[in-house]
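First up is the structure itself, then whatever we jot down about it.
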Amino acid sequence: MEYLAAVQLAEMISTVIYTFVGVALMGVVWKVIDWLTPFPIMKEIEQDQNMALAVLIGLLFVSISIIIAAVIVS
């Protein structure tokens with residue numbers, strides 16, 4: 001019984017650690033995208049109401065998060 005508790009605790013700790021790793025990687029990806037674009041993304045989305053750019057960035061984050069999750073799981 002102690003073995004099962006230790007395994008569950010190890011799984012929870014690794015889940016928390018990998019969650020922070022995934023969030024950190026998403027932050028790095030956001031900084032790289034912001035650095036590579038020749039215009040300020042936040043200004044385009046917030047002030048100019050560029051909905052197409054907002055959808056594009058959202059879908060980009062979804063695809064990157066799927067890739068990060070696949071790498072973490074494997």
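Any read-out appearing in this document is the output of simple, stated calculations on the displayed coordinates, not a laboratory observation. Model, not experiment: these values are computed from the prediction. Neighbour counts run over all protein chains shown; Cβ positions are idealised from the backbone, glycine included.
Each of (i) 12.3; (ii) 14.6; (iii) 11.7 is a candidate for Kirkwood radius over Cα pairs in Å; the one calculated from this structure is (ii).
Could you work out the helix-only [θ] at 222 nm for the chain, with each DSSP H run of four or more residues adding -39,500 (n - 2.57) and the total divided by the number of residues, to the nearest 500 deg cm²/dmol?
Helix contribution divided over all residues of the chain: -30000 deg cm²/dmol.
Charge dipole (Cα centre; +1 on Lys/Arg Cβ, -1 on Asp/Glu Cβ; no other charges) of the chain amounts to roughly 120 debye.
Our coupling estimate for the range 58-72, obtained by passing each phi through the Karplus curve with A = 6.51, B = -1.76, C = 1.60 and θ = phi - 60°, is x, 5, 5, 5, 5, 5, 5, 5, 5, 5, 4, 5, 5, 5, 5 Hz, Gly and Pro reported as x. Across the range 17-28, coupling constants 3J(HN,Hα) worked out from phi with the 6.51/-1.76/1.60 Karplus curve, θ = phi - 60°, read 5, 5, 5, 5, 5, x, 5, 5, 5, 5, x, 5 Hz, and Gly and Pro carry x. Computed extension length for residue 19-residue 52: 9.0 nm, one decimal, from 0.36 nm per residue of separation with the Cα-Cα distance subtracted.
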